[in-house]
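Asks: Mind having a look at this structure? Questions to follow.
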Amino acid sequence: MIERERRRRWSAEEKGATATLMSKRPTRAKTRREIAAAALILTSVLAGQSHAASSEWISAEGGAIRLVALQPKPDGSIPAILEVKLEPGWKTYWREPGASGIPPQITLDPAGDVELEAIRFPAPKSFGTGAERYAGYDATVAFPLELKRLGDRRDVRIRASVFLGVCEDICIPVQGNLELTVKSGEFDNPLDGARIEEAFTTLPEPPSKGFRVDKALFDASAGVIRFDLHLPDEAESGELDLFLAGPSGSFFGQPTVAGTPGSKHRVEVPVKRFGSDRDTAGKPIVLTVRAGERSMETTLALD
């Protein structure tokens with residue numbers, strides 16, 4: 001009976017993916033979704049080659065969270081995601097959430113079989129203005145995790161403590177312990193593998209010749225970061241949004257962008273440093289740019 005219900009749910013999802021593939025000419029973002037949908041169908045055909053495991057959902061007001069992981073690769077890396085399911089009207093936060101948000105934080109049990117090398121973030125949206133501005137997501141989102149296998153156990157145990165915030169009118173902290181075991185050679189839901197693949201393909205792209213930053217510097221006297229932003233032609237007509245994340249104690253104001261379509265843009269970002277170390281020069285600052293349906297992420301090299 002459980003297997004029949006699983007097949008019924010999978011059939012419904014497969015029909016949805018097929019409908020997506022029959023839609024009109026895709027944009028870049030839409031193409032990514034169609035590729036993910038096609039991969040999902042292909043995964044069902046190659047089910048015997050796909051392995052994944054997921055934790056139980058932990059529910060809270062406004063949403064739920066869980067972990068999903070694939071089988072370890074030969075180099076010991078384990079593709080995985082932290083999936084945050086949001087109810088309509090609720091939001092969760094980016095890595096630099098603003099003055100009052102709570103970014104996703106994951107701590108792995110040192111007695112487990114993996115270590116966390118990085119948590120990755122899709123390009124967020126901005127909400128509010130001025131001091132109330134924050135960066136986050138207003139729909140279900142998956143944060144890709146870069147995990148590394150420890151030891152040589154056949155079955156890999158992942159135990160994680162997760163802390164993040166969700167908000168409707170105010171920020172509500174969500175905390176829980178998530179646990180799963182990736183069993184060697186055991187087949188699991190192919191949809192989980194497709195979700196992980198899709199999460200990694202929707203991350204911001206690296207800098208390129210047509211989508212990059214030049215001449216980044218920190219003007220300490222004015223308290224601003226300045227840089228030139230080059231946008232790809234197809235992104236010039238779309239909405240532009242910029243997000244910065246720096247070392248602890250940093251706060252970034254709303255960027256101002258000057259320039260005309262088809263040219264480079266001069267960007268200024270107010271920055272404040274709190275605490276005893278207020279020197280921004282030389283500190284790693286991550287810039288994420290959302291331009292139309294494309295996004296790019298780079299680390300600013302400040303002069």
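Asks: Could you list, in sequence order, the residues of the stretch 202-248 that are of a type outside the set (D, E, K, R), open to solvent by 70 Å² or more (accessible area, probe 1.4 Å) and at pLDDT 90 or above?
Replies: Matches in the stretch 202-248: Pro206 only.
Asks: Moving on to the next point. Of the conditions (1) without any contact (Cβ under 8 Å) to a residue 60 or more places away in the chain; (2) buried (at least 21 other Cβ atoms within 10 Å of the Cβ), Thr107 clears all except one; give me its number.
Replies: (2)
Asks: Moving on to the next point. Within the stretch 60-82, how many residues turn out to be out of contact with any Lys or Arg (no Cβ under 9 Å at 6 or more places or on another chain) and assigned to a strand (DSSP E or B)?
Replies: 5
The values are calculated or read from the model by the stated rules, or taken from the named source; none is laboratory data. The structure displayed is predicted, hence computed values, not measured ones. Cβ: placed from backbone, ideal geometry, glycine included. Neighbour counts: every protein chain shown. Accessible surface areas use protein heavy atoms only, side chains included; no ligands, DNA or RNA. Shrake-Rupley method; radii C 1.70, N 1.55, O 1.52, S 1.80 Å.
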